[in-house]
Amino acid sequence: MAEVKLVEYQDRWPMDFALVEQEIRGVFLAADAVVEHIGSTAVPGLCAKPVLDVALGVYALAEAEARVTALASIDFVYRPEYERQIPDRRYFVRAAGATPRVHLHALLRDGTLWQQHLRFRDALRQNHVTRDAYAALKRHLAFAHASDKAAYTEAKAPFILKVLAGR
């Protein structure tokens with residue numbers, strides 16, 4: 001299993017995202033796509049795995065599928081095997097290089113997954129108590145599931161659902 005390694009918030013993450021966003025926009029130039037920084041690296045002051053999570057909002061997942069080769073030209077690898085778990089997402093990964101590792105989530109723009117990612121990110125950005133509680137949970141779970149990234153991710157779900165429910 002993959003190891004869970006958290007680092008403290010890095011001031012460079014917004015700049016790293018800006019570089020990735022520019023590259024993705026180059027691939028989706030003619031499309032009406034939206035690119036958002038999501039995940040823990042998008043929340044100032046929050047510890048995170050050193051991975052930029054990027055949401056690509058498209059009107060049809062076929063828009064992302066049609067650009068697999070173009071995304072490969074900027075070093076993104078399409079990972080269709082995860083579509084069984086999350087059929088409303090097309091998932092791409094880029095190894096660390098000029099920026100940290102990048103997970104690109106192509107989602108239906110304004111769909112449920114899109115809205116959930118943005119609402120959770122915004123809740124953490126807007127409420128430092130919620131952000132700090134999430135950081136404490138992440139640190140605890142990273143220790144408890146140090147060698148099992150899937151278990152770490154799964155164990156965060158109740159907290160995320162609670163925040164999304166407004167509790």
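The values are calculated or read from the model by the stated rules, or taken from the named source; none is laboratory data. Quick caveat, the model's predicted, so the values are computed rather than measured. Because the Cβ atoms are built from the backbone with ideal geometry, glycine has one as well, and the counts that use them run over all protein chains shown. With ligands, DNA and RNA removed, areas are computed over all heavy atoms of the protein, side chains included. Shrake-Rupley method; radii C 1.70, N 1.55, O 1.52, S 1.80 Å.
At-a-glance table
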item	result
Residues (open to solvent by 50 Å² or more (accessible area, probe 1.4 Å) and either among the charged types (D, E, K, R) or in a loop (DSSP other than H, G, I, E, B) (or both)) located in the stretch 14-33	23, 25, 29, 30, 32
Filtered residues of the stretch 125-167 (kept if within 17 Å of residue 7 (Cα to Cα) and hydrophobic (A, V, I, L, M, F, W, C))	133, 135, 136, 137, 141, 142, 143, 144, 146
Checklist (1) assigned to a loop (DSSP other than H, G, I, E, B); (2) modelled with pLDDT of 95 or more applied to residue 134, failing item	(1)
Flag for residue 11 being in a loop (DSSP other than H, G, I, E, B) and either hydrophobic (A, V, I, L, M, F, W, C) or surrounded by fewer than 19 Cβ atoms within 10 Å (Cβ to Cβ) (or both)	yes
Any pair with Cβ under 7 angstrom, 6 or more apart, that starts in the stretch 67-88 at a residue that is over 16 Å from residue 108 (Cα atoms) and ends at one that is of a type in the set (Val, Ile, Thr)	70/27; 71/27; 74/27; 76/93; 77/93; 78/68; 79/93
Residue that is within 16 Å of residue 164 (Cβ to Cβ) and outside any helix (DSSP H, G or I), where the choices are 118, 107	107
Of residues in the stretch 46-96 being more than 20 Å from residue 121 (Cβ to Cβ) and among the aromatic types (Phe, Trp, Tyr), the one least open to solvent (accessible area, probe 1.4 Å)	76
Selection count where residues are farther than 16 Å from residue 39 by Cβ and open to solvent by less than 70 Å² (accessible area, probe 1.4 Å), scope the stretch 133-149	6
Selection from the stretch 97-116 of residues that are within 22 Å of residue 13 (Cα to Cα), open to solvent by 70 Å² or more (accessible area, probe 1.4 Å) and at pLDDT below 95	98
